[in-house]
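Below you'll find the structure, written out as structure tokens, and then a few comments.
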Amino acid sequence: MLAAILGLSGPALTDDERAFIRAADPAGFVLFARNVADKAQLRALTDSLRDLSGRTDLPILVDQEGGRVARLAPPEWPSFPAAWRFSALYDKAPISAIEAARANGEALGLTLAELGINVNCAPVLDLRHEGAHDVIGDRAYGAEPLRVAALGRAMLDGLEAGGVAGVIKHVPGHGRARADSHKELPVVDADEEALAADLAPFLALRDAPMAMTAHLLYPAWDPDRPATLSPTIIADIIRARIGFDGLLMSDDLAMDALTGTLADRTRAALAAGCDVALHCSGVIAENKEVADAAGAMTETAAARLARAMARTGKGLGHDAEALAAKRDALLAYAESV
């Protein structure tokens, strides 16, 4: 199995993609709006990926956080709220906010599972810091580690109840970034004491099935390499200090925070300790470049992936619309008080 999760070009597989998938056997796939038309089409696409791979537990990922980060959009799919809505309710009724976040996660999980999507790149555990770039902004559950951990846990548990594995991100913390890592490399100059607050939500959710790294430079830990490419940060901070032992994926390797060829980035991320490299463009030539550089997953990485996927497919048969209605009633309460 290839140590990479890759994007696809459109709403149906091309002949070139089918041949590539048979030959390379990627660990999984990630979907974007370009891959989405309607429910029947999307289910046919996910079914075709599983047929080609021969794996019923094939990871098929999407970024469906809610708010502005949503690949499945109305009117075909419901609109899910951004994280800040739950933080606003938490100000008034913490228990209700946690209950709403869990109902939201389960409704979201059930919606995705029906489509054959079994991994959601959420929750965001980054803290919302004053003066930071708004690339995180309303995607965060708040500025307080305890609040972020509680609401993130509720979302993660809700997703799993709906049959979907969550991905905590962006470890070890993207909230202090003053630049968008899609466009440039942010440098976080905070010291050890300040960074401990950013780690706290990840520490609380260290038993999550999957995590995604941040393309940020943290000179307090490694002055030369961003977290995704840093053996020091992955071994000493993510694996040892946080204690995360789930599947660790890079953020998208095509982001401009990183330099060098795609092959260089792929080799560096995997050598640093990422279990799989994530590349999202769907361009077949780029996928082949990543595949050639990635090689096969390690036994340790494959075992982590198997453990993560064992937590999917366990939806309890609840009604997604009823759960969403419960969430909406609780959020409406926050706005009325």
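Residues A70, A165, A140, A83: which one is under 21 Å from D251 (Cβ atoms), of a type outside the set (D, E) and free of Cβ contacts under 8 Å to residues at least 24 places away in the same chain?
A70
Which one is surrounded by the fewest Cβ atoms within 10 Å (Cβ to Cβ), of the residues in the stretch 239-289 that are more than 24 Å from T14 (Cα to Cα) and of a type in the set (K, R)?
R239
Pairs, please: C-beta under 6 Å, at least 6 apart or cross-chain, first residue touching a residue at least 40 places away in the same chain (Cβ under 8 Å) and part of a helix (DSSP H, G or I) and in the stretch 227-250, second surrounded by 16 or more Cβ atoms within 10 Å (Cβ to Cβ) and hydroxyl-bearing (S, T, Y)?
Between residues of the stretch 227-250 that are touching a residue at least 40 places away in the same chain (Cβ under 8 Å) and part of a helix (DSSP H, G or I) and residues that are surrounded by 16 or more Cβ atoms within 10 Å (Cβ to Cβ) and hydroxyl-bearing (S, T, Y), the close pairs are A227/T213; T228/T213; T228/S250.
Mind checking which residues of the stretch 282-311 are assigned to a loop (DSSP other than H, G, I, E, B), touching a helix residue (DSSP H, G or I) at 6+ places or on another chain (Cβ under 8 Å) and farther than 13 Å from A4 by Cα?
Result: R311, single match.
From the list L58, L125, L110, pick out the single residue that is buried (at least 16 other Cβ atoms within 10 Å of the Cβ), at pLDDT below 95 and in contact with a helix residue (DSSP H, G or I) (Cβ under 7 Å, 6 or more places away or on another chain).
The match here is L110.
If you take the residues in the stretch 154-187 that are outside any strand (DSSP E or B) and of a type in the set (K, R), which one is modelled with the lowest pLDDT?
Here the answer is R178.
Tally time: how many residues in the stretch 290-310 are surrounded by fewer than 18 Cβ atoms within 10 Å (Cβ to Cβ) and not hydroxyl-bearing (S, T, Y)?
Within the stretch 290-310, residues that are surrounded by fewer than 18 Cβ atoms within 10 Å (Cβ to Cβ) and not hydroxyl-bearing (S, T, Y) number 9.
Out of the residues in the stretch 188-215 that are part of a strand (DSSP E or B) and not small (G, A, S), state the one that is nearest to P231 (Cα to Cα).
If we filter the stretch 188-215 for residues that are part of a strand (DSSP E or B), which is where we start, we get 210-213.
Among the residues that remain, those that are also not small (G, A, S) are: 210, 212-213.
Details: M210: 18, M212: 15, T213: 12 Å.
Only one residue tops the list, namely T213.
Return the pair list, or none, for Cβ contacts closer than 8 Å from residues in the stretch 32-53 that are touching a residue at least 24 places away in the same chain (Cβ under 8 Å) to residues that are among the β-branched types (V, I, T) and part of a helix (DSSP H, G or I), at least 6 apart or on different chains.
Cβ pairs passing all conditions: L49/I21; L52/I21; S53/I21.
The values are calculated or read from the model by the stated rules, or taken from the named source; none is laboratory data. Bear in mind the structure is a predicted one, so any value in this text is a computation, not a measurement. All Cβ positions, glycine included, derive from the backbone under ideal geometry; neighbour counts span all protein chains shown.
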